[in-house]
1. Write out, first by first residue and then by second, each pair whose Cβ atoms fall under 7 Å of each other, whose residues are 6+ apart or on separate chains, and whose first residue, in segment 347-375, is in contact (Cβ under 8 Å) with a residue 24 or more places away in the chain while the second is in a strand (DSSP E or B) and acidic (Asp, Glu).
2. Sort out which residues of segment 476-508 are in a helix (DSSP H, G or I) and of a type in the set (Gly, Ala, Ser), and write them in order of number.
3. Among the residues of segment 392-418, write down those that are under 21 Å from Phe328 (Cβ atoms), of a type outside the set (D, E, K, R) and more than 28 Å from the chain's Cα centre (by Cα).
4. I want to confirm something. Restricting to segment 97-153 and keeping residues that are in contact (Cβ under 8 Å) with a residue 60 or more places away in the chain and part of a loop (DSSP other than H, G, I, E, B), which single residue is surrounded by the fewest Cβ atoms within 10 Å (Cβ to Cβ)?
5. Output yes when any residue across segment 509-532 is buried (at least 16 other Cβ atoms within 10 Å of the Cβ), in a loop (DSSP other than H, G, I, E, B) and out of contact with any helix residue (DSSP H, G or I) (no Cβ under 9 Å at 6 or more places or on another chain), and no when none is.
6. With Arg305, Arg236 as the choices, which residue is basic (Lys, Arg), more than 19 Å from Ser158 (Cα to Cα) and surrounded by 19 or more Cβ atoms within 10 Å (Cβ to Cβ)?
Amino acid sequence: MLRLFKKLERKDIIGILICTILIVTLVWLELKVPDYMSAITKLVQTEGSEMSEILEQGGLMIACAFGSLICSIAVGYFAARVGSSFSKTLRKDIFNKVGNMGVAEIKKFSTSSLITRTTNDVMQVELLLGMGLQAILKAPIMAVWALFKILDKGFEWSILVAVCVAILLFTVGILMIIVLPRFAKVQKLIDKINGVARENVSGIRVIRAFNAENYQKDKFNVVNDELTNMQLFNQRCFAILNPMMMLVMHGLTLGIYVIGAILIESAGMTDKITLFSNMVVFSSYGMQVIMSFLLLAMTFMIFPRAQISAKRINEVLDEPISVIEGKFNGSTKEIGTIEFKNVSFKYPDADEYVLKDISFKVSKGETIAFIGSTGSGKSTLINLIPRFYDATEGEVLVDGVNVKEYQAESLHNKLGYVPQKAVMFTGTVSSNVAYGDNGKDDIDSDKIKEAIEVAQGADFVSQMEGTYEAHIARGGTNVSGGQKQRLAIARAIARDPEIYIFDDSFSALDYKTDATLRKELKAYTKDATSVIVAQRIGTILNADKIVVLDAGVCVGMGTHEELLKTCEVYKEIAYSQLSKEELGNA
């Protein structure tokens, strides 16, 4: 928790200092009220006292109460500002850290957990900070100050207060021991609920198509009931705290008056007024002490969960980044070249290699394609180029420079990446095609239209309401799979990169559109290097170099004609899709 609070900005620290000054003033004003009550009590019982003297003391007491109210409002205002500002900083830091994470780190935490940590966990810490500035600061100041003011008022009363405080501390300590481990489980259960909810929303079409609504409801209810039962247990534990507080508070009041009555009865006439005045003051100060610990107890109710949340946030912020950005951003002697030198790769914590000893080089203007059975490592291989992962062994070079040496921005500006699953963002057709400002923020409307035409998307875009400014829903749910793929391809084309990476990006297109798009794309990108992952032989027939992968191993490399003669794996794939006549005429 303390490590997390080191992220407080200068303005937040100033806000905390202002809160501290206001709280000290607030405590002083509140503790002055019993003094005036004591003075009024003595004046009332002293012969010859003037009404003006009583009114004067009463006026000062009201002024202190009003000043305390103003200070309390001010403390609440500044505490809220500090809490909101701190949570804003935390959310920004988590967002930036996740943005810099590699795919391996994101998979380690899971998407639903990262969302919970960015929202719910940050909210718990903000709640603690907002309440803590008002309770944690005020309670000890109030308790210590009040204790010093009453120590000389009566030994018996002081022992009574000490016993009451010990009972409260014991109760809070027991509750902390019981509840703290369960709050860690609560946050993990919230992760699970987020995961099930996201799965349900993203897969709603499949769920409805298979009449699996009840199955999903049962799946959600299991997690929801588990979370509810855990929360009920925690709340039942904390429910003990309130009656215990009331019992101690009222018991203290009763004990003070019982002890006071005994002391007054046995005292001499001259001491009775002083003892009665001390009893009134002690009663007020004793209640202030107990109220201080009550405030602390209220904070302890949210502290365990906030502590768990802080730990979860620190886990994200402390997670080491596996893909460390380099410093190179200068010009290169080579342009549009990709080279793999004895590259092997295995996922973190995995025992087996996904790729083994892969070597090839492709020059500017050439097209290299990768084909193989499902799980052969095609997508993994091309993900090493933009550094979604780093090679376990060997080197990946772009324009003759190891990708590990590049600044991320410099490397990515060379690439036009089209992922296996086309991703659309909330906005318009134009904003999705001209997406991002990574050195390419000057894409004009003519360039956008040209890119969409090359990607064979002009027909369906022209029929959309608003055409190029037509609305695209989050995830592209208002366009088809083939349309999303064409817009994703247009996005890469609009950047005019040195290297195009197509990760099975033509799979949702019909054969006619696929053939037309590849023909147009070949003419448009003749000076750029193209890297293609495909399942269809027809998509890669004319590639300058085809790499055949089988279980992560390169089992063939060459042109289509060469591989038909020399590579059995390629021949099996080819004959499973096309006839001998079609392959001969290709």
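The values are calculated or read from the model by the stated rules, or taken from the named source; none is laboratory data. Model, not experiment: these values are computed from the prediction. Cβ placement follows ideal geometry from the backbone for every residue including glycine, while neighbour counts extend to all protein chains displayed.
1. Note: pairs meeting the criteria are Lys361/Glu339; Gly372/Asp550; Ser373/Asp550.
2. Here is the first cut: in segment 476-508, the residues in a helix (DSSP H, G or I) are 476, 481-493.
Correct list: Gly476, Gly481, Gly482, Ala488, Ala490, Ala492.
3. Filtering segment 392-418 for residues under 21 Å from Phe328 (Cβ atoms) gives 394-417.
Adding the requirement that they be of a type outside the set (D, E, K, R) leaves 394, 396-398, 400-403, 406-408, 410-413, 415-417.
Selection gives Gly394, Val396, Leu397, Val398, Gly400, Val401, Asn402, Val403, Leu415, Gly416.
4. So the residue we want is Ser110.
5. yes
6. Details: Arg236 fails: surrounded by 19 or more Cβ atoms within 10 Å (Cβ to Cβ).
Result: Arg305 is the single residue among Arg305, Arg236 that is basic (Lys, Arg), more than 19 Å from Ser158 (Cα to Cα) and surrounded by 19 or more Cβ atoms within 10 Å (Cβ to Cβ).
Yes or no, residue by residue, for (1) over 30 Å from Leu397 (Cα atoms); (2) in contact with a strand residue (DSSP E or B) (Cβ under 6 Å, 6 or more places away or on another chain):
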| position | (1), (2) |
| --- | --- |
| Ala310 | yes, no |
| Glu315 | yes, no |
| Ser322 | no, no |
| Gly326 | no, yes |
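Okay, residues lined up against (1) in contact (Cβ under 8 Å) with a residue 12 or more places away in the chain; (2) in contact with an Asp or Glu (Cβ under 6 Å, 6 or more places away or on another chain):
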position: Gln231; (1), (2): yes, no
position: Val258; (1), (2): no, no
position: Ala261; (1), (2): no, no
position: Ile264; (1), (2): yes, no
position: Ser277; (1), (2): yes, no
position: Tyr285; (1), (2): yes, no
position: Thr299; (1), (2): yes, no
position: Ala306; (1), (2): yes, no
position: Ser309; (1), (2): yes, yes
